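Enquirer: Got a structure for you, written out below as structure tokens; questions coming shortly.
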Amino acid sequence: MQLIDDTTINQLADEARQSPRRRAIKRYHEHEEPVQRMLNALCDDSYVQPHCHRDPDKVELFLAVQGRLLVLIFDDAGEVARSAVLDADGPVRGVDIPPRTWHALLALTPVAIALEIIQGPYEATTHKRFATWAPVDPQAGLAWMRAKRDQVLTQG
């Protein structure tokens, strides 16, 4: 049995703060398992490039464990189609993302942690497809994502 406790969460948040990518993962699975389970910690200055899971199709679930995250769903042209703020204190705590859906996350608190569950097994070459319309460079991508965040949050 592996616990998801305050010690684990605090250690993972510290790892994310110290990471050059400003994020960290605590895996509860092996790559070959059919269900991938992990805690995913993101600092508010970490860029998650928009991507989707297809070929093979994979469903992905995020549940806020600490802090707040913005989940952005994009159309095929890179425009925000939907969004949700996940908050460990509610009212919205999680989201289930269907396969072939362009999406990205952005922490709204200094560090946010989500439980992530996605179909496996993990294969690096096929796990995700990155959107060609989104910046690749982390600094440019973060600025782009923050502009999307501001647009979504000001629209209510």
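No lab work stands behind these numbers, since they all come straight from the coordinates. Keep in mind it's a predicted model, so treat the numbers as computed, not measured. Virtual Cβ from ideal backbone geometry, glycine too; neighbours counted across all protein chains shown.
Enquirer: Take the residues in the stretch 118-149 that are of a type in the set (Phe, Trp, Tyr) and touching a residue at least 24 places away in the same chain (Cβ under 8 Å); name whichever of them is farthest from Arg37 (Cα to Cα).
Expert: Looking at residues that are of a type in the set (Phe, Trp, Tyr) and touching a residue at least 24 places away in the same chain (Cβ under 8 Å), I get Trp133.
Enquirer: If you don't mind, there's one more thing I want to ask. Working only within the stretch 126-147, note down all residues that are in contact with a strand residue (DSSP E or B) (Cβ under 6 Å, 6 or more places away or on another chain) and either charged (D, E, K, R) or more than 16 Å from Ala77 (Cβ to Cβ) (or both).
Expert: Result: Lys128, Arg129, Met145.
Enquirer: Is it true that Arg82 is of a type in the set (Lys, Arg), on the phi > 0 side of the Ramachandran plot and surrounded by fewer than 17 Cβ atoms within 10 Å (Cβ to Cβ)?
Expert: no
Enquirer: Out of the residues in the stretch 1-40 that are in contact with a helix residue (DSSP H, G or I) (Cβ under 6 Å, 6 or more places away or on another chain) and hydrophobic (A, V, I, L, M, F, W, C), which is surrounded by the fewest Cβ atoms within 10 Å (Cβ to Cβ)?
Expert: Among those that are in contact with a helix residue (DSSP H, G or I) (Cβ under 6 Å, 6 or more places away or on another chain) and hydrophobic (A, V, I, L, M, F, W, C), it is Leu39.
Enquirer: Further question: Identify, by number, the condition in (1) hydrophobic (A, V, I, L, M, F, W, C); (2) without any contact (Cβ under 8 Å) to a residue 40 or more places away in the chain; (3) within 25 Å of Gln2 (Cβ to Cβ); (4) buried (at least 19 other Cβ atoms within 10 Å of the Cβ) that Ala88 doesn't meet.
Expert: With respect to (1) hydrophobic (A, V, I, L, M, F, W, C); (2) without any contact (Cβ under 8 Å) to a residue 40 or more places away in the chain; (3) within 25 Å of Gln2 (Cβ to Cβ); (4) buried (at least 19 other Cβ atoms within 10 Å of the Cβ), Ala88 is out only on (4).
Enquirer: Against the definition (touching a residue at least 40 places away in the same chain (Cβ under 8 Å), touching a Gly at 6+ places or on another chain (Cβ under 9 Å) and of a type in the set (A, V, I, L, M, F, W, C)), how does Val65 come out, yes or no?
Expert: no
Enquirer: A follow-up question, please. Just to be sure, is Thr154 among the β-branched types (Val, Ile, Thr), within 22 Å of Glu32 (Cα to Cα) and free of Cβ contacts under 8 Å to residues at least 60 places away in the same chain?
Expert: no
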